Amino acid sequence: MSKALVSTQPYRGTRDFYPQDFIKRQYIFDTWTKTLTSLGYQQYDTPVLENAEMYILKSGEELGGKQLYSFYDKSERHIALRPEMTPSLARIVAAKFGELNFPLKWFSIPNCFRYERPQKGRLREFWQLNVDIIGLPAGGVDLEFLYMTTKLFEDFGASPSQFEIKFNHRQVLDKWITNNLLTNHKSIIYNLLDSWHKTDLDYKERALQEIGLNSKQIKKILSIKDDTEYQNIAIEFDELKLIFENTSVAMPNVNISFDPTIVRGLNYYTGLVFEAFDTNTNNPRALFGGGRYDDLLDIFGKKAPAIGMGWGDVTMQNFLDNWNLWPQNLERYTEKVGIMPFANSDLIRIYKEILPKLQKEKIPFEIDYDYGRSENKRYESLKKRGCTQIIKIK
């Protein structure tokens, strides 16, 4: 009886990165890193294993419960694979709170895990760019942060017509809900707004009717995007007024707009919230999102205002694919010099003369040892293996 073979497929929702796939991922990481360091951000990292309680307390029921990969270790500690980076960031900032020089402008590209249904733009294992500024209250830094997001697009070669940024403010929404006597239905309204662009008018009306709202209240909610009262509340907030007045100068030609339906799903946002979208209809999901979370350090007994965002590598790659924005010279990451000896005695010259020169210039190489094949076949084999220049040892 033969043994069953182990599947060659990766775990559902994860990916294998063959060299050509790895090149693309590395290009994304390298570009993120280059852009952010040029804007004054510093890179950090944390362990992929964390105390599960941290996510249960900080990330909400969906992310801290249903989607959490967690287990008990041999000492019965409740451990989790990180589903996001923000709680870990809060932990390490709180750990050295008195030693750090605020404000902090930090970024990281962590490996994250979420148990959810794999779909376009969402996988169970992914890498995510996290960018945060900690220690500055709402104001000019909010405008600077939005400016940073446009630079991330620009440095990948994207034109302003290929993306749009929409923003809102949690406190504006809360005040509008209170003014319209809808406080008892706040969570329902938040959920409805969070799925606004994924549902049609009939669905929205039925959802509001089911919670007992009258026709006037329903009409008010359904017209929130054009509601004058909502706009008037918004300009009461200085950071929003500053954004309204300066976006055309700070981010000329960028399609950036105030949108009351942007709320973000996580429960720790306290002020400005924003999302970026691909204008290509092949990619309808939000590319990234973020906002202000001034209660970031609360569970660690510290207090510091903060603003941050996360951009997954999956949606980033989808964006580059949709607009064909990969650089033409991407193959430079795998270009090598091929070396073709014709006998073992040729290796002396290779190691004494050729390799020292190549290594001095950090030029990768590939040696073909198949002396028995024809010269043409060996030449073609080296070409297929990424060698753009071939040295024959004769």
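Computed values, structure above
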item: Cα gyration tensor shape for the range 1-128, rounded if a/c is under 1.5, else prolate or oblate; result: oblate
item: MRE, 222 nm, helices only [DSSP H, n ≥ 4, -39500 (n - 2.57), over the chain, to nearest 500]; result: -10500 deg cm²/dmol
item: Equivalent ellipsoid dimensions for the chain as semi-axes, Å, which come from the Cα gyration tensor, largest first; result: 48, 24, 23
item: Reciprocal of mean inverse Cα separation for the range 335-392 (Kirkwood radius, Å); result: 11.5 Å
item: Helix 170-179 vs. the chain, principal-axis angle (Cα, 0 to 90°, nearest 10); result: 20 degrees
item: Relative contact order of the range 335-392, pairs being alpha-carbon contacts under 8 Å that are 6 or more residues apart, as %; result: 60 percent
item: Phe365 long-range amide H proximity, modeled H, under 5 Å; result: Val337
item: Cα-based helix-to-principal-axis angle, 313-323 vs the chain, degrees rounded to 10; result: 80 degrees
item: FRET efficiency, 1/(1 + (r/R0)^6) with R0 22 Å, evaluated for Glu335 and Lys360 via beta carbons; result: 0.85
item: Additional length obtainable on full extension of the chain from Lys74 to Asn246, 0.36 nm per residue less Cα span; result: 56.4 nm
item: Length-normalised contact order of the chain in % [C-alpha pairs under 8 Å, at least 6 apart]; result: 17 percent
item: Max mean-square fluctuation residue, GNM over the chain, Cα-Cα springs under 10 Å, options Glu144, Glu229, Glu164; result: Glu229
item: Under Karplus coefficients 6.51, -1.76 and 1.60, residue-wise ³J(HN,Hα) of the range 135-150 in Hz, glycine/proline x; result: x, 10, x, 3, x, x, 5, 5, 5, 4, 5, 5, 4, 4, 5, 5
item: For the range 224-284 and the range 98-167, distance of Cα centres in Å; result: 16 Å
item: Whichever lysines have a C-alpha closer than 26 Å to that of Lys216, once near sequence neighbours (fewer than 8 apart) are set aside; result: Lys175, Lys186, Lys198, Lys204, Lys225
item: Placed amide H near Phe288: partners under 5 Å, 5+ positions off or other chain; result: Ala276
item: Under 5 Å, built H, 5+ apart or other chain: amide partners of Ser195; result: none
item: Extension reserve of the Lys392-Leu49 stretch, reckoned as 0.36 nm per residue once the Cα distance is removed; result: 118.5 nm
item: Net charge over other residues, Cβ less than 11 angstrom from the Cβ of Ile224 (K, R count +1; D, E count -1); result: 0
item: In sequence order, calculated HN-Hα J values of the range 29-43 (Karplus, 6.51, -1.76, 1.60; Hz; x Gly/Pro); result: 4, 5, 5, 4, 4, 4, 5, 6, 5, 5, 9, x, 8, 10, 8
item: Mean shadow area of the range 94-220 over all directions, Cα convex hull, nm²; result: 12.3 nm²
item: Candidate lysines - alpha carbon under 25 Å from Lys362, same-chain residues fewer than 8 apart omitted; result: Lys24, Lys34, Lys336, Lys352, Lys383, Lys384, Lys392, Lys394
item: Note, ³J(HN,Hα) from phi for the range 236-245, Karplus 6.51, -1.76, 1.60, rounded to Hz, x at Gly and Pro; result: 6, 9, 4, 5, 6, 4, 5, 5, 4, 7
item: Antiparallel DSSP beta bridges within the chain, percent to nearest 5; result: 75 percent
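We did not get these values from a lab; they are worked out from the coordinates using the rules stated. Remember, predicted model here, so these are calculated numbers, not experimental data. Please note: Cβ atoms are built from the backbone with ideal geometry, for glycine as well, and neighbour counts cover all protein chains shown.
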